[in-house]
1. Straight distance only, please: which lysines reach the Cα of Lys168 with their own Cα at less than 29 Å, same-chain residues fewer than 8 apart left out?
2. In the stretch 463-518, which chymotrypsin sites (Phe, Trp or Tyr not before Pro) fall in coil by DSSP and have 16 or fewer other Cβ atoms within 10 Å?
3. Can you tell me which lysines have their Cα less than 25 Å from the Cα of Lys289? Leave out same-chain residues fewer than eight positions away.
4. Cβ under 13 Å from Thr147's Cβ, Thr147 left aside: what net charge do those residues give with Lys, Arg +1 and Asp, Glu -1?
5. Ignoring any ligand, DNA or RNA, what whole percent of the accessible area of the stretch 198-269 comes from carbon and sulfur when the probe is 1.4 angstrom?
6. Calculate what fraction, in whole %, of the accessible area of the stretch 462-519 sits on carbon and sulfur atoms when a 1.4 Å probe is rolled over the protein chains.
7. Of the accessible area of the stretch 116-162, with the probe set at 1.4 angstrom, what percent is carbon plus sulfur?
8. Sort 285-298, 247-260 for me by packing, meaning the mean count of neighbouring Cβ atoms within 10 Å per residue, highest on top.
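The values are calculated or read from the model by the stated rules, or taken from the named source; none is laboratory data. Please read all numbers here as calculations on a predicted model, not as lab measurements. Please note: Cβ atoms are built from the backbone with ideal geometry, for glycine as well, and neighbour counts cover all protein chains shown. Side chains included, ligands, DNA and RNA excluded: accessible areas come from the protein's heavy atoms. Shrake-Rupley method; radii C 1.70, N 1.55, O 1.52, S 1.80 Å.
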Amino acid sequence: MEDWMSSHEDYDDSDRESPEGLENEDSDSHWMPSKGPSSRVITKESLLAAQKEDLRRVMDVLSLREHHARTLLIHYRWDIENLLAILVEKGKALLFAKAGVTVVENNDSDTPESSSSVLCNICIEEVPGSEVTRMDCGHCFCNNCWTEHFIVKINEGQSKRIRCMAHKCFAICDESVIRNLVSKRHPDLAEKFDRFLLESYIEDNKMVKWCPSVPHCGNAIRVEDDEFCEVECSCSLQFCFNCLSEAHSPCSCLMWELWSKKCRDESETVNWITVNTKPCPKCHKPVEKNGGCNLVSCICGQAFCWLCGGATGRDHTWSRIAGHSCGRYKEDREKKAERVKQDLYRYMHYHNRYKAHTDSFKQESRLKETIKGRVSTLETKDSRLRDFSWVTNGLYRLFRSRRALSFSYPFAFYMFGDEFFKDEMTKEEREIKQHLFEDQQQQLEANVEKLSKYIEEPFDEYDEQKIMDIRMQVINLSVITDTLCKKMYECIENDLLGPLQFCIHNIAPYQSKGIEKAVEVTVGWSGKKISNQCPKADNQTNGRRIESDQPSASGTSDESGCSQRKRARKGSFGGSLIDFDLNFPAEVIDRN
């Protein structure tokens, strides 16, 4: 289903918009919740800023160096709340031990003198003290062995957690040491190591995921609260954050996955073949009967009985077939065939209605330009009517209600079928719940069709009184459909899915104003977005960051006028893209 229409924010009836305001781009701030946006866009320019923000929080709480904080966050999948909970429950020692973090005070006496020689326990060779490196865990080996170890691990894809070489030592090596040693021999591999560390914020973070747009827009989305939600990227793609497919509430992710597969892989063609054909007992190809005689023949030459499917000879009379008799009734086989027919008819019932509302959405989405033209026509006339926000309100409400209605049919198909909840409800309970839901669905469907009828009226050809009548109908039906959508979602969450004990299905909550558009992450410690070619801000106070909660525009340039370059999909970084020095402290946000 197309996404572009429902990406716009809703209006209330008191808004006064011009025809050019159909895009509704300026109403984001009007509808912005007081707690701030629930999702943010992470671009290439802001990826480092988002990562540094979480690093700084852990560094401040635990008084750690940056590479130790990163090791902790990677191990706990960038879940700061879980990390702090373990800290409170089990203490710092266990927290560090599980993550492989070894924090020791600098001890110069443990550092080998450059004039002395040291025996490396890996290569068993004497090397000068200037050519060995000691990790935080205390193990000391020659630089050549360390480098070889790091190169192997990076090539194996273990860049984010490279352990010490010592036997039974689980300490994670210092990333700055890894970077310095590897870059001397393989600079491109060092860049790959940096890229893996940078992308770990997205790859290992359950609250951050890549936008699934094709071709990829280069953005990632971070949600602040619940991962079971629907979001909109700055590229205007709307999707389910949990499963990365198109927005599909009130279907759960599992329901939508099975429904999509059922509609896509011709599984119902298989059902039709099962109902209308029988397999040849020799070559097992499906055979369709084209005559009245129950002795049929496959193209492979095998004759068989249509009644039971058993192989037979070719001679037959009115009373029997040579070498075969199947006059006894077999109840199981008849029941199975009848069950397949019922399942096919049931699927066709829900699919036809889902498809009908999906097609209606596509047809109604073309009304945008039509309504724009009608409003422009009325504005050229000498009329007292100047406010046409009611028609844009009704149009966006129609899109959202129509989409929720269309996805309610796949939900009902699985909710009241035998795939998931056969053991959760008795037959009587299922019938009661099905009638309750279908009543809600029927009321919503009736009002959506009424709203669609009034929206499609050629109101630019009517007199003012009739336009006012249509206006009142559209406003009333917009409120009614919104209320009915809320009630349907409440019915699903509280009466249908709520009592379940064994099968847990989460759905994205209903959003009356539509799916919220994510805003770009701003640079916390300079007040501007990160950009490799833009000058750094000077508004820093004692080296600490200054938070900026103002969402930036989603256009093609940032606040300082520098163009924003989209970040490539994972694995598509070029060597020139790694302009960030992750070994710098958090206050330095740009190597340039």
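1. Excluding near neighbours in sequence, the set is Lys90, Lys92, Lys98, Lys153, Lys160, Lys184, Lys192.
2. Phe502
3. Reachable lysines: Lys278, Lys330, Lys335, Lys336, Lys341.
4. Around Thr147, the charge tally is +2.
5. Reported share for carbon and sulfur atoms: 53 percent.
6. 50
7. On the way: 1060 of 2300 Å².
Summing carbon and sulfur atoms, their accessible area is 46 percent of the total for the stretch 116-162.
8. Peptide ranking by packing, descending: 247-260, 285-298.
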